[in-house]
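Worksheet for the structure shown next.
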Amino acid sequence: MKDKILKWNDVLNFANNGNPAPDRRVEKKDEEWRQQLTEEEFYITRKKGTEARFSGEHCSRYEPGKYGCVCCDNELFDSGEKFDSGTGWPSFTLPIKENAIKYHKDGSFGMIRIEVMCNVCDSHLGHVFQDGPQPSGLRYCINSVSMKKID
Ligand SMILES: [Zn+2]
């Protein structure tokens, strides 16, 4: 993300008008995901669940490195964009690159929110909000369970 900083308008544009093309695609049936994932991973990533606040192992860790999709290893976030939002979920200001993430308008619970998913396998990651730190102003609020630490 060195070349371009995503802003809220870019997020809305992706959600409304279509997402950037992913580098590759991984598509599996629920039964296949169920075999590969733990019960909790399956529930959160494939059934759009949410882990309990402050429960995740990545919540308060800031070691350098990258975070990948627990389902397909797609690189999602770099620790350099991680910040302490105080929400109890791992929070990032930007994805590792523009086409790592896809955005979807989520009208559940009577609110319009922007859901963020892995752009390779459609794994549910969390939501993005417009109250993050500058310069992006974005706060990606992500379930720890959806991610694995890479390197
Ligand atoms: Zn994925």
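The values are calculated or read from the model by the stated rules, or taken from the named source; none is laboratory data. These numbers come from a predicted model, not from an experiment. Counting neighbours? That spans all protein chains shown, and the Cβs are built from the backbone with ideal geometry, glycine included.
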S79: away from the ligand (no atom under 13 Å from the Cβ), out of contact with any helix residue (DSSP H, G or I) (no Cβ under 7 Å at 6 or more places or on another chain) and farther than 15 Å from F129 by Cα, yes or no?
yes
Out of E63, E57, which single residue is away from the ligand (no atom under 12 Å from the Cβ), touching a helix residue (DSSP H, G or I) at 6+ places or on another chain (Cβ under 7 Å), charged (D, E, K, R) and within 28 Å of D30 (Cβ to Cβ)?
E57
Pairs with Cβ under 6 Å, 6+ apart, first in the stretch 67-83 and over 11 Å from K149 (Cβ atoms) and of a type in the set (V, I, T), second more than 16 Å from the ligand (Cβ to nearest atom) and in a strand (DSSP E or B):
none
Selection count, the stretch 105-123, where residues are small (G, A, S) and within 18 Å of N143 (Cβ to Cβ)
2
Quick one: in the stretch 93-114, of everything that is closer than 15 Å to D131 by Cβ and assigned to a strand (DSSP E or B), which residue is modelled with the lowest pLDDT?
R113
Suppose we keep only residues that are of a type in the set (A, V, I, L, M) and at pLDDT 95 or above within the stretch 51-92. Which one would you say is farthest from the chain's Cα centre (by Cα)?
V70
Tell me which residues, restricted to the stretch 116-134, are within 14 Å of the ligand (Cβ to nearest atom) and not in a loop (DSSP other than H, G, I, E, B).
V116, M117, C118, H124, L125, G126
Checking L138 against (1) buried (at least 22 other Cβ atoms within 10 Å of the Cβ); (2) within 16 Å of the ligand (Cβ to nearest atom), which test does it fail?
(2)
